[in-house]
Amino acid sequence: MPMHLPSCHWIIPRRVCVALIFATLLALFAACSPEPKGPTLTLPPLPWPSDALEPVISQQTIELHHGKHHAGYVAKANQLIDDSRFKGKSVEEILSATREKKKYKDLFNNTAQAWNHAFFWECLTPEGTARPTGALAQAINTEFGGWKAFRDEFIEASLSHFGSGWVWLVRDKETLRILTTANADTPVARGLTPLFTIDLWEHAYYLDVQNRRKAYVEGVFDGLAHWKAVEKRYGTGEL
Ligand SMILES: [Fe+2]
């Protein structure tokens, strides 16, 4: 004769029974939901050997810049993100949500610096590509009145920027803009599309040219800028 097990509400009140089932389902759901794995940021390898940008940027500067400064920002940013409600969010989401928020000042600064440096390395090439062509060249002509005028404005913006920061060429909807940002600030957090940047922090050039920021900026702009990569970003919108 088959044995019938009593349903649980014979033993436990129905409300408790429902609560137990609900709690079990919640626990099962939590167990199945993947926890964000791994750090939010990683230190990308340099896209070229550390001595490849000489003589404009020395091997010593690159190794300190990438191995100490950039690595430090990545480590600190990951630590702060892990302890925040932003774990599992994309870097772009984190930057947009934390910019100009006093509570997240350190988190923003370190995350932005990690992003900016990873982008900066991709803007440089030891092969020094020729000036932009195609749609980007046309946009530069339209916006700035030609290559020389664009270069003059970019160098001037770099030199007149006070203190640490970054100089950028960005796409703002259908127009191009040159702008500088102070300290760690980044156009990514403002909904702009960065196309090219040069790091204006002294750690980027002081060992090589001391206080001659102009020599560094001109050397990078004329000899190391990866215009082919900039053209691609302009065409696709992908960073
Ligand atoms: Fe830097």
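The values are calculated or read from the model by the stated rules, or taken from the named source; none is laboratory data. If you're wondering where the values come from, they're calculated on a predicted model, not measured in any experiment. FYI the Cβ positions are ideal-geometry reconstructions off the backbone, even for glycines, and counts take in every protein chain you see.
Overview of results
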read-out: Of residues in segment 143-160 being of a type outside the set (Phe, Trp, Tyr) and touching a residue at least 24 places away in the same chain (Cβ under 8 Å), the one farthest from ALA215 (Cα to Cα); value: GLU143
read-out: Residue within segment 117-127 that is among the small types (Gly, Ala, Ser) and touching a Pro at 6+ places or on another chain (Cβ under 8 Å) present; value: yes
read-out: Failed item in (1) within 13 Å of the ligand (Cβ to nearest atom); (2) closer than 18 Å to PRO47 by Cα, with ASN183 passing the rest; value: (2)
read-out: So GLY223, is it away from the ligand (no atom under 16 Å from the Cβ), small (Gly, Ala, Ser) and touching a helix residue (DSSP H, G or I) at 6+ places or on another chain (Cβ under 8 Å); value: no
read-out: Some residue of segment 136-158 being out of contact with any Cys (no Cβ under 9 Å at 6 or more places or on another chain) and closer than 12 Å to ASN116 by Cα; value: no
read-out: Search result, residues across segment 43-73 that are more than 12 Å from the ligand (Cβ to nearest atom) and touching a helix residue (DSSP H, G or I) at 6+ places or on another chain (Cβ under 7 Å); value: LEU43, PRO44, LEU46, PRO47, SER50, ASP51, LEU53, VAL56, SER58, GLN60
read-out: Yes/no for ALA112 being away from the ligand (no atom under 16 Å from the Cβ), part of a helix (DSSP H, G or I) and either more than 27 Å from GLY128 (Cβ to Cβ) or in the same structural domain as VAL217 (by TED's automatic domain parsing) (or both); value: no
read-out: Flag if ILE94 is more than 16 Å from the ligand (Cβ to nearest atom), part of a helix (DSSP H, G or I) and under 17 Å from HIS117 (Cα atoms); value: yes
read-out: Residues being surrounded by fewer than 20 Cβ atoms within 10 Å (Cβ to Cβ) and within 22 Å of ASN183 (Cβ to Cβ) - total across segment 58-77; value: 9
read-out: Lone qualifier among PRO187, PRO126 - being closer than 26 Å to HIS66 by Cβ and either in contact (Cβ under 8 Å) with a residue 60 or more places away in the chain or not assigned by TED's automatic domain parsing to the domain that holds LYS232 (or both); value: PRO126
read-out: In segment 80-91, the residues that are within 14 Å of PHE108 (Cβ to Cβ) and either assigned to a helix (DSSP H, G or I) or under 13 Å from the mean Cα position of the chain (by Cα) (or both); value: LEU80, ILE81, VAL91
read-out: Pair list, Cβ under 6 Å, 6 or more apart: segment 42-71 residue among the acidic types (Asp, Glu), other residue surrounded by 16 or more Cβ atoms within 10 Å (Cβ to Cβ); value: GLU63/SER50
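Yes or no, residue by residue, for (1) exposed (fewer than 13 other Cβ atoms within 10 Å of the Cβ); (2) over 22 Å from the mean Cα position of the chain (by Cα):
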{"position": "CYS123", "(1), (2)": "no, no"}
{"position": "ALA130", "(1), (2)": "yes, yes"}
{"position": "PHE144", "(1), (2)": "no, yes"}
{"position": "VAL167", "(1), (2)": "no, no"}
